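Peer 1: Supplied in structure tokens, the structure appears directly below.
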Amino acid sequence: MNLGLFESNALSEVLKLLSDGQVHSGEELGMLLGISRAAVWKTLKKLELIGLDVVSIKGKGYCIKGGLDLLDESKIQAQFHDLLNINVFAQIDSTNSYLLRQNKPERKVCLAESQTAGRGRRGRAWVSPFAQNLYLSIGWGFEGGIAVLEGLSLTIGLAVVRCLRRYGVCGLQLKWPNDILYKDKKLGGVLIEVNGDPAGYCVVVIGIGLNVSMGDGYASRIEQPWSSLNKIFAEQNLPLPRRNQLASCLLSELNLILSRYHTDGFSTFKNEWVSVASYLNQFVYIHKGNHVQQGVFCGVDDSGALVLDVDGDRVIFHGGEVSLRREHVS
Ligand code: BTN
């Protein structure tokens with residue numbers, strides 16, 4: 001586990017103090033940390049390493065402009081009692097990797113303010129700046145081997161859509177198999193990793209990355225057009241909820257949807273998924289390794305596999321390394 005800068009509790013305490021966006025004097029911070037003002041300055045410099053802009057105001061003190069919307073483990077845990085076991089880290093390599101390292105990750109949840117090695121699908125990096133977005137993983141156990149997991153990432157996308165609808169957001173779409181889109185731009189993604197017996201009991205780690213207040217400064221690091229909830233809520237004249245609220249809401253939808261998926265499988269979610277599917281009835285390209293197949297995207301079957309109409313024939317594609325695109329990319 002990489003806690004790096006945050007091994008010190010005092011640093012986390014300073015962060016909490018500065019999260020209100022107000023100016024705090026060096027004395028106040030020094031007293032809290034039990035260190036000198038010079039050492040306070042050095043400590044604050046460390047915050048710049050994680051991309052935080054700590055402003056120093058001569059004769060007054062320090063502040064973080066606009067404040068920070070920090071996650072609070074106890075607030076989130078309070079919503080789930082014994083149902084889920086929540087861990088929030090200030091910094092970690094990857095929330096998925098953390099759960100994959102656990103002995104029994106079932107019903108464990110890992111959230112982090114930032115990830116140093118956040119992973120996306122197909123070996124891509126997931127840009128994970130501090131305290132701006134949600135990086136969340138949850139562990140779940142399934143009987144029946146990996147075959148029953150075909151539609152899982154589609155169903156997880158629905159949990160995100162259901163959660164955001166509770167806040168009044170409309171216009172979200174899901175792109176097979178794992179993207180959450182708004183106006184064709186990527187708002188979030190799902191990464192599912194499996195441990196255990198491919199034919200029996202599997203432990204699944206489900207990772208969700210959701211852009212909440214992604215700073216424009218990170219745009220150049222993201223390889224595709226992206227969106228973020230702060231822009232969507234503003235566009236739809238809705239108040240942006242705190243990240244603690246969003247995380248709790250998402251976890252409660254995940255808990256519901258995972259329990260139902262466990263007993264009923266994907267077929268029960270199929271119509272709901274198709275109702276928010278992007279590229280439906282459109283001409284698309286399916287990339288599988290070096291092979292590209294063209295056809296009309298007809299939706300999904302009862303297991304969640306993609307159905308393509310190729311010159312009148314129904315061709316089925318399963319998850320894994322397949323990707324669906326509107327353009328042909330060589
Ligand atoms: C994708 O669209 O490529 C999937 C992105 C998944 C990112 C999330 S962030 C939380 C969890 N931890 C990771 O390292 N990845 C997932």
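The values are calculated or read from the model by the stated rules, or taken from the named source; none is laboratory data. Bear in mind the structure is a predicted one, so any value in this text is a computation, not a measurement. Every residue, glycine among them, receives a Cβ derived from its backbone with ideal geometry; neighbour counts consider all protein chains shown. Accessible surface is based on the protein model in full, side chains and every heavy atom, while ligands, DNA and RNA are left aside. Shrake-Rupley method; radii C 1.70, N 1.55, O 1.52, S 1.80 Å.
Peer 1: Most mobile of Arg162, Arg314, Arg243 per a Gaussian network model of the chain (Cα springs, under 10 Å)?
Peer 2: Arg314
Peer 1: Charges only on Cβ, +1 for Lys and Arg, -1 for Asp and Glu: so what's the dipole of region 1-154 about the Cα centre, in debye to the nearest 20?
Peer 2: Computed charge dipole of region 1-154: roughly 480 debye.
Peer 1: Further question: Could you state the per residue volume, in Å³, of the convex hull enclosing the Cα atoms of the chain?
Peer 2: Given the Cα convex hull of the chain, per-residue volume reads 142 Å³.
Peer 1: Same structure again: Return the equivalent ellipsoid semi-axes of region 1-124 as a descending list in whole Å, where each equals the square root of 5 times an eigenvalue of the C-alpha gyration tensor.
Peer 2: Equivalent ellipsoid semi-axes, largest first: 31, 16, 13 Å.
Peer 1: What area, in nm² and to one decimal, does the C-alpha convex hull of region 118-191 cast on average over all directions?
Peer 2: About 6.1 nm², averaged over all directions.
Peer 1: Right, here's the next one. Going toward the positive end of the dipole of the chain, with +1 on Lys and Arg Cβ and -1 on Asp and Glu Cβ, which of Leu158, Leu33, Asn290 do you reach last?
Peer 2: Ranked along the dipole, the leading option is Leu33.
Peer 1: For region 217-276, which chymotrypsin sites (Phe, Trp or Tyr not before Pro) are both in a DSSP coil and crowded by at most 12 other Cβ atoms within 10 Å?
Peer 2: Taking region 217-276 and a limit of 12 other Cβ atoms within 10 Å, no loop chymotrypsin sites (Phe, Trp or Tyr not before Pro) are found.
Peer 1: A further question follows. What percent do you get for the relative contact order of the chain when only Cα pairs under 8 Å and 6+ apart count?
Peer 2: 13 percent
Peer 1: Another question, then. Once amide H atoms are placed 1.01 Å from N in the peptide plane, what residues at a sequence separation of 5 or more from Arg119, or on another chain, have their amide H within under 5 Å of its amide H?
Peer 2: Hits under the 5 Å cutoff: Trp126.
Peer 1: Along the charge dipole of the chain, Cβ charges K/R +1 and D/E -1, which of Asn237, Leu136, Val148 sits furthest on the positive end?
Peer 2: Working it through, the farthest residue towards the positive pole turns out to be Asn237.
Peer 1: If you place +1 on the Cβ of every Lys and Arg, -1 on the Cβ of every Asp and Glu, and leave all else neutral, what size is the dipole of the chain about its Cα centre, to the nearest 20 Debye?
Peer 2: 820 debye
Peer 1: Helix 243-264 sits at what angle to the longest principal axis of the chain, using alpha carbons and giving 0 to 90 degrees rounded to 10?
Peer 2: Roughly 30 degrees between the two axes.
Peer 1: Further question on the same structure: Mind listing the long-range amide H neighbours of Gly61? Cut-off is under 5 Å, sequence gap 5 or more, other chains count too, H placed in the peptide plane at 1.01 Å from N.
Peer 2: It is none; the list stays empty.
Peer 1: Mind jotting down the distance between the C-alpha centroids of region 233-259 and region 155-176, whole Å?
Peer 2: Cα centres, region 155-176 to region 233-259: 9 Å.
Peer 1: Under 29 Å from the Cα of Lys104, which lysines turn up, not counting those fewer than eight places away in the same chain?
Peer 2: Filter leaves Lys75.
Peer 1: Which shape class applies to region 102-159: rounded if a/c is under 1.5, otherwise prolate when a/b exceeds b/c and oblate if not, where a ≥ b ≥ c are the square roots of the Cα gyration tensor eigenvalues?
Peer 2: prolate
Peer 1: Now, a different point. Take the cross-link list Lys175/Lys270; Lys45/Lys65; Lys46/Lys231 and give me the ones stretching past 20 Å between alpha-carbons.
Peer 2: With Cα atoms farther than 20 Å apart: Lys46/Lys231.
Peer 1: Please state the shape class of region 9-64: rounded when a/c is under 1.5, otherwise prolate if a/b exceeds b/c and oblate if not, all from the C-alpha gyration tensor.
Peer 2: Verdict is rounded for region 9-64.
Peer 1: Counting heavy atoms of the protein chains only and a 1.4 Å probe, report the per residue accessible area for the chain as a whole number of Å².
Peer 2: Counting only protein heavy atoms, the per-residue value for the chain is 47 Å².
Peer 1: Residue by residue, what Karplus-based ³J(HN,Hα) values in Hz, rounded to whole numbers, does region 85-94 have, using 6.51, -1.76 and 1.60 with θ = phi - 60° and x for Gly and Pro?
Peer 2: 10, 9, 10, 10, 10, 6, 8, 8, 5, 7
Peer 1: Let me ask something additional. Just to check I understand the Karplus step: with θ = phi - 60° and J = 6.51 cos²θ - 1.76 cosθ + 1.60, what whole-Hz values come out for region 275-280, glycine and proline as x?
Peer 2: So the J values, rounded to whole Hz, are 5, 10, 6, 8, 6, 4.
Peer 1: In whole Hz, what ³J(HN,Hα) sequence does region 125-132 give by Karplus (6.51, -1.76, 1.60; θ = phi - 60°), x for Gly and Pro?
Peer 2: Rounded to whole hertz, the list is 7, 10, 5, 10, x, 5, 6, 10.
Peer 1: Considering the dipole of the chain built from charges on the beta carbon (Lys and Arg +1, Asp and Glu -1) around the Cα centre, which of Pro105, Ser19, Val194 is farthest to its positive end?
Peer 2: Ser19
Peer 1: Also, I was wondering about something else. With only Lys, Arg, Asp and Glu charged, each at its Cβ (+1 for the first two, -1 for the last two), find how big the charge dipole of region 280-326 is about the Cα centre; round to the nearest 20 debye.
Peer 2: Dipole of region 280-326, to the nearest 20 debye: 220 debye.
Peer 1: Given H placed 1.01 Å from N in the peptide plane, which residues other than close sequence neighbours of Tyr279 have an amide H under 5 Å from its amide H?
Peer 2: none
Peer 1: While we're here: Could you pull out every one of the aspartates and glutamates with an alpha carbon less than 18 Å from that of Lys185, ignoring same-chain neighbours closer than 8 positions?
Peer 2: Within the straight-line cut-off, Lys185 pairs with Asp216, Glu223, Glu235, Glu327.
Peer 1: Taking the Cα-to-Cβ direction at Phe283 and at Ser19 and moving 7 Å from each Cα, how far apart do the two end points lie in nm?
Peer 2: 5.1 nm
Peer 1: Please report, as a whole percent, how much of the solvent-accessible surface of the chain comes from carbon and sulfur atoms (probe radius 1.4 Å).
Peer 2: Answer for the chain is 49 percent, counting heavy atoms of protein chains only.
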